[in-house]
């Protein structure tokens, strides 16, 4: 009888916690109202983060001489592996204040992952292929998501409460803190929150075609 009571109380508590978890839907557009892909939405609880999840190991691939994915949001304290799936060597590096590192010319997967222990934007490059550019967004909050081609992002499992929400994109023209707003997350938040960002044209080195093929260097 006692065990049944304990089990019932535990189940009720878990049900209550699950009922308090909410979702935040966000739509990110440019100034012309077109959806923005690869925007990172970060929600920071104004009351503080009570029980942050354990950081994970993530992966940024190198495929056909590109970083895949182009933008990878991660939680601060996470590690990232950079497997090279091309048949040539790459030299991955970053000089960003949030994380400076270098992986000299290699194929396959480096033995050790890279630890990202500071929040911020980390720009990735390759010393051999100038057009290879990628981004790792290191979030201080566990509540974040990346937009798809439709400009939509879904942040799941948010406890009810007030959040300071901001959006970052590789082509953002102004600091991300400038678009931050307070959002009350609760049952009434059915419609998506809409952000319109001022972006600048992406400056990327073009790949040269390989003569006689439909591929690029």
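One table, with the values for the structure above:
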read-out	value
Any hit, the stretch 19-33, residues being assigned to a helix (DSSP H, G or I) and at pLDDT below 95	yes
Selection from the stretch 135-169 of residues that are within 20 Å of residue 119 (Cβ to Cβ) and in a loop (DSSP other than H, G, I, E, B)	140, 141, 142, 143, 147, 169
Any hit, the stretch 116-128, residues being in a loop (DSSP other than H, G, I, E, B) and modelled with pLDDT under 95	yes
Test for residue 116: is it farther than 14 Å from residue 66 by Cα and surrounded by 18 or more Cβ atoms within 10 Å (Cβ to Cβ)	yes
Residue check for residue 98: touching a strand residue (DSSP E or B) at 6+ places or on another chain (Cβ under 8 Å), surrounded by fewer than 18 Cβ atoms within 10 Å (Cβ to Cβ) and touching a residue at least 24 places away in the same chain (Cβ under 8 Å)	yes
Flag if residue 55 is over 30 Å from residue 43 (Cα atoms), more than 13 Å from the chain's Cα centre (by Cα) and either modelled with pLDDT under 95 or part of a strand (DSSP E or B) (or both)	no
Long-range neighbours under 6 Å by Cβ, at least six apart or interchain, first residue on the phi < 0 side of the Ramachandran plot and touching a residue at least 12 places away in the same chain (Cβ under 8 Å) within the stretch 141-168, second part of a loop (DSSP other than H, G, I, E, B) and buried (at least 18 other Cβ atoms within 10 Å of the Cβ)	147/39; 153/147; 155/143; 158/143; 167/39
Residue ID - farthest from the chain's Cα centre (by Cα), chosen from residues in the stretch 120-133 that are within 19 Å of residue 77 (Cα to Cα) and surrounded by 18 or more Cβ atoms within 10 Å (Cβ to Cβ)	124
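The values are calculated or read from the model by the stated rules, or taken from the named source; none is laboratory data. These figures come from a predicted structure and were not determined experimentally. FYI the Cβ positions are ideal-geometry reconstructions off the backbone, even for glycines, and counts take in every protein chain you see.
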